[in-house]
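Comments concern the structure below.
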Amino acid sequence: MKIHIKNGRLIDPAKGIDAQADLFIAAGRIAAVGAAPEGFAANRVIDATGRVVCPGLVDLSARLREPGFEYKATLESEMAAAAAGGVTSLACPPDTDPPLDEPGLVEMLKHRARHPSFAHVYPVGALTLGLAGERLTEMAELYEAGCVAFGQAQAPVVDTLVLMRAMQYAATFDFPVWLQAQDPFLGKEGVAHDGEVATRLGLPGIPVSAETIALSAILQLARDTGVRIHITRISSAAALEMIVAARASGIAATCDVSINHLHLSDADIGYFNPHARLAPPLRDGRDREALRRGLAAGAINALCSDHAPVDDDAKQAPFGEAAPGATGLELLLPLTLKWAGEMKLPLGQALARITCDAARVLGLSAGTLAAGAVADVCIFDPRGSFRVTRESLRSQGKNTPFLGQELPGRVCCTLIEGHVAFENGRQG
Amino acid sequence: MRNPQLNKNGGLQHLLTIDGLPREILSTILDTAAPFSEVAEREVKKLPLLRGKSVFNLFFESSTRTRTTFEIAAKRLSADVINLNISTSSTSKGETLLDTVDNLCAMQADMFVVRHASSGAPFLIAQHLAAMGLEHIHVINAGDGRHAHPTQGLLDMYTIRHYKKTFANLVVAIVGDVLHSRVARSQIHALITLGVPEVRVIGPKTLIPTDVDKLGVRVFHDMRAGLKDVDVVMMLRLQNERMQGALLPSPQEFFKYYGLTADKLECARPDAIVMHPGPMNRGVEIDSAVADGPHAVILPQVTFGIAVRMAVMSMLAGG
């Protein structure tokens, strides 16, 4: 299948390209940019007039809920959401049931995800058995089965000796370790950022120190063990400052932030809106501003959807009892565009955080439209919009604080390895 | 987003919290309560305002005083009252909160009086009723988690107005476990809305919530300094399970530093009144000599509570 995408505004952040240029795809790869290769006869021409043609999005955290939570979502429903959102590569955290702590589970997931219209799946394996924080998993075996990194999702490793050993073992094979920083004791009872909003609403608080104390332990152990460390879902200005300082002292830590924390603060809890119940909690307005600036400056490496579909029953509960998490695959691009617009950022710089920069965290060569690269492509209408409703979301999870909002950007077409996985509202 | 407890005309649809309610509504509730307290003096204590209406006391957390006074208030307004103690009923069988509500709606409920251990539960119910188009059903929050206990806050305001005649120029201190107290939060919002110029909270740092000063109160950790020249002392209950462990070392030490004794009360104005939402822990947050002494208005609070709850119920559902 040879595809010619013509008349589009081609943005390839990895190459610093933002220009009117055609794209030529053959045998699942980018054949050429600009001029057609000699003798190129397209089977299919896609007219991208007025559209942006960019690399398919790379999402560092999308829960597909398989195995174990099929009542929340299935691979089919969430892969349809990914394609509709322009996402062509995604990392899935190990918090399935059972957790991704055995090679067989990872192989099964990879096998189930093998479909031309499904995004490439990169499982993050469990760092400890059952995510219990006690015994190491067979990381080398898990790596061979397809894991790209090892982490704990939102489960803590309480025992710091285990944490150090896990990092040492991962460093032996140069496997990256992905951790979310939250102290299990300071965060134990809390359901919202410890501040004026939580005080007013009578919600048990999670102080910023729950994040910074855990982060400090992670960074110091990363320095001692030399492991490649990635901090997932940072939530506060203080955490960002610590990561920047750690880099200055020679620790090569990377980090990401979720679309929710980029746009919302604890004030958005409003009258106990359970959709704003997230982990980590939404912090205050100053934290959000620091995260927005940090992502623009590149101090935060990537933006992710932190996609977590939750069933209605688990959300229709008083705030503190509602399950944390929000659906996000279909909101990643619109919320990136919204942020870019509000920050007045060049589109290419903004798209880098969800394409090549995210791919770099994953250790992939994806996220570019360079000749020879895998033809993962997202074509979107920057002047279009996406209205977030229960009906418009393809994900089985209808839970998002952005429900009812009209967001910028509309995905027109998604190509995965040169296969049209989504086009004009329909799955390929 | 509209305050979910107000209707389109700015009137009271539900009573969920005092936070955000205008002063006029609070004053109207207190004014409406005044004649109801006279009803209690009569031989026939009934009024027909809620005749034919069904009030469901929906208590997901146990309570004696609050549930009883709501029941009396509803009965004096001629409503039919149904008491449900759900902690021992359907939710233990796995029914969700909203399923319970839907079932009671199907039984033609007119009003829910809700107590729940989770902050915000009555908001969830109110929002659900709005989504179902059941705008004729009203919700009264009878205490949700640490968030609010608005009728307690209102009956406290009624008590203060009864004894002090005005809210202007008062200094009021709230003492004890502010962190876990829905009563304290409702008191703070009510006092500030009604124009009390100085509201203080007193307690050890473990029991004072983060950024509470942003609600408009002054924070004191020294009880004598905090009680200096106050007109009203509002004591809070200290739950048994909080008396030992990481919040406080012992009830004895708490009593020594934050228990209200006659000696500490001397720091307040000579005509200060002492209030407590009950049930009291004598010898923990308050000394018996004070609880039974001339400054205490703790039993009148209970009596006024009936009139205030009648006022709220009649404003929501009467006519």
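Numbers below:
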quantity: Residue with peak Gaussian network fluctuation, chain A [Cα springs, cutoff 10 Å], from A:Pro98, A:Pro55, A:Pro274; calculated: A:Pro98
quantity: Exercise: per-residue mean of other protein chain Cβ atoms within 10 Å, B:119-132; calculated: 4
quantity: Long-range tail of P(r) for chain A (Cα pairs > 26 Å, %); calculated: 52 percent
quantity: For B:Cys267, A:Cys413, order by how many other beta-carbon atoms lie within 10 Å, fewest first; calculated: B:Cys267, A:Cys413
quantity: Considering only the stretch A:56-362, percent of DSSP beta bridges that pair antiparallel, nearest 5; calculated: 5 percent
quantity: Cα-based helix-to-principal-axis angle, A:237-248 vs chain A, degrees rounded to 10; calculated: 80 degrees
quantity: Cβ neighbours within 10 Å from other chains - mean over B:210-217; calculated: 4
quantity: Sequence-separation-based contact order of the stretch B:150-301, relative, with Cα cut under 8 Å and 6+ spacing, percent; calculated: 24 percent
quantity: Antiparallel DSSP beta bridges within the stretch A:1-112, as percent of all bridges there, nearest 5; calculated: 55 percent
quantity: Label-to-label distance, nm, for residues given as B:Arg51 and A:Ala245 (7 Å Cα→Cβ offset); calculated: 7.3 nm
quantity: Point-charge dipole on Cβ atoms (K/R +1, D/E -1) for chain B, about Cα centre, debye to 20; calculated: 220 debye
quantity: Length released on extending from B:Asp271 to B:Arg23, taking residue separation times 0.36 nm less the Cα-Cα span; calculated: 86.6 nm
quantity: Relative contact order for chain A, counting Cα pairs under 8 Å that sit 6 or more residues apart, in percent; calculated: 21 percent
quantity: 0 to 90° range, to nearest 10: angle between helix A:103-112 axis and chain A longest Cα axis; calculated: 40 degrees
quantity: Candidate lysines for bridging to B:Lys75, where Cα separation is under 20 Å - those fewer than 8 sequence places away on the same chain excluded; calculated: B:Lys45, B:Lys46, B:Lys53
quantity: Cα→Cβ-extended label distance, 7 Å offset, between B:Arg2 and A:Ser385, nm; calculated: 2.3 nm
quantity: Tensor-based shape of the protein assembly as shown (alpha-carbon gyration tensor, a/c under 1.5 rounded, otherwise prolate or oblate); calculated: prolate
quantity: Rounded to the nearest 20 debye, dipole of the stretch B:150-301 from Cβ charges on Lys, Arg, Asp, Glu; calculated: 280 debye
quantity: Packing-based exposure ordering (other Cβ within 10 Å, fewest first) of A:His261, B:His162, A:His120; calculated: B:His162, A:His120, A:His261
quantity: Partner chain coverage, peptide A:313-324 - average Cβ within 10 angstrom; calculated: 5
quantity: Amide hydrogen neighbours beyond the local backbone of B:Arg200, cut-off 5 Å, H modeled; calculated: B:Val172, B:Ala173, B:Ile174, B:Arg218
quantity: B:Thr261 versus A:Ala140: modelled label distance in nm, points set 7 Å from Cα along the beta carbon direction; calculated: 7.0 nm
quantity: Whole-angstrom gap from the stretch A:1-15 to the stretch B:251-303, using each part's C-alpha centre; calculated: 76 Å
quantity: Per-residue ³J(HN,Hα) for the stretch B:160-166, Karplus 6.51 cos²θ - 1.76 cosθ + 1.60, θ = phi - 60°, Hz, x for Gly and Pro; calculated: 4, 5, 4, 8, 10, 6, 8
quantity: Residue among A:Pro156, A:Pro318, A:Pro280 with the largest mean-square fluctuation in a Gaussian network model of chain A, springs linking Cα atoms under 10 Å; calculated: A:Pro318
quantity: Nearest-0.05 FRET efficiency for B:Gln239 and B:Val44, computed from C-beta distance (R0 35 Å); calculated: 0.30
quantity: Neighbourhood net charge (9 Å Cβ-Cβ; Lys/Arg +1, Asp/Glu -1) for A:Ala126; calculated: -3
quantity: Radius of gyration, Dmax [the stretch B:150-301; alpha carbons; angstrom]; calculated: 13.9, 42
quantity: Derived scalar couplings ³J(HN,Hα) [the stretch B:276-282; Karplus, 6.51 cos²θ - 1.76 cosθ + 1.60; whole Hz; x for Gly, Pro]; calculated: 7, x, x, x, 7, 9, 5
quantity: Percent antiparallel among DSSP beta bridges (both partners in the protein assembly as shown, rounded to 5); calculated: 35 percent
quantity: Relative contact order [Cα under 8 Å, 6+ residues apart], chain B, whole percent; calculated: 20 percent
quantity: Degrees separating the helix B:121-131 axis from the principal Cα axis of chain B, which is the longest one; calculated: 30 degrees
quantity: Burial ordering of A:Leu161, A:Leu291, B:Leu6, fewest other beta-carbon atoms within 10 Å first; calculated: A:Leu161, B:Leu6, A:Leu291
quantity: Student exercise, the stretch A:56-362 dipole from Lys, Arg, Asp, Glu Cβ charges, in Debye to nearest 20; calculated: 900 debye
quantity: Under the Karplus curve 6.51 cos²θ - 1.76 cosθ + 1.60, θ = phi - 60°, whole-Hz ³J(HN,Hα) for the stretch A:417-426, x wherever Gly or Pro sits; calculated: 6, x, 9, 6, 8, 7, 8, 6, x, 10
quantity: Residues in the stretch B:181-198 that a label on B:Ala168 would reach, taking backbone N under 19 Å of a point 7 Å out along Cα→Cβ; calculated: B:191-198
quantity: Highest-fluctuation residue, B:Lys75, B:Lys165, B:Lys228 considered, GNM on chain B with Cα pairs under 10 Å; calculated: B:Lys165
quantity: Pairs of Cα atoms farther than 35 Å apart, chain B, %; calculated: 19 percent
quantity: Residue pairs, from the table A:Lys2/A:Lys344; A:Lys338/B:Lys8; B:Lys205/B:Lys264, whose Cα atoms sit over 28 Å apart; calculated: A:Lys2/A:Lys344; A:Lys338/B:Lys8
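Every number here is computed from the coordinates shown, using simple stated rules; none is lab data. Remember, it's a predicted structure, so these values are computed and weren't measured experimentally. Glycine gets a Cβ as well: all are built from the backbone with ideal geometry, and neighbour counts include every protein chain shown.
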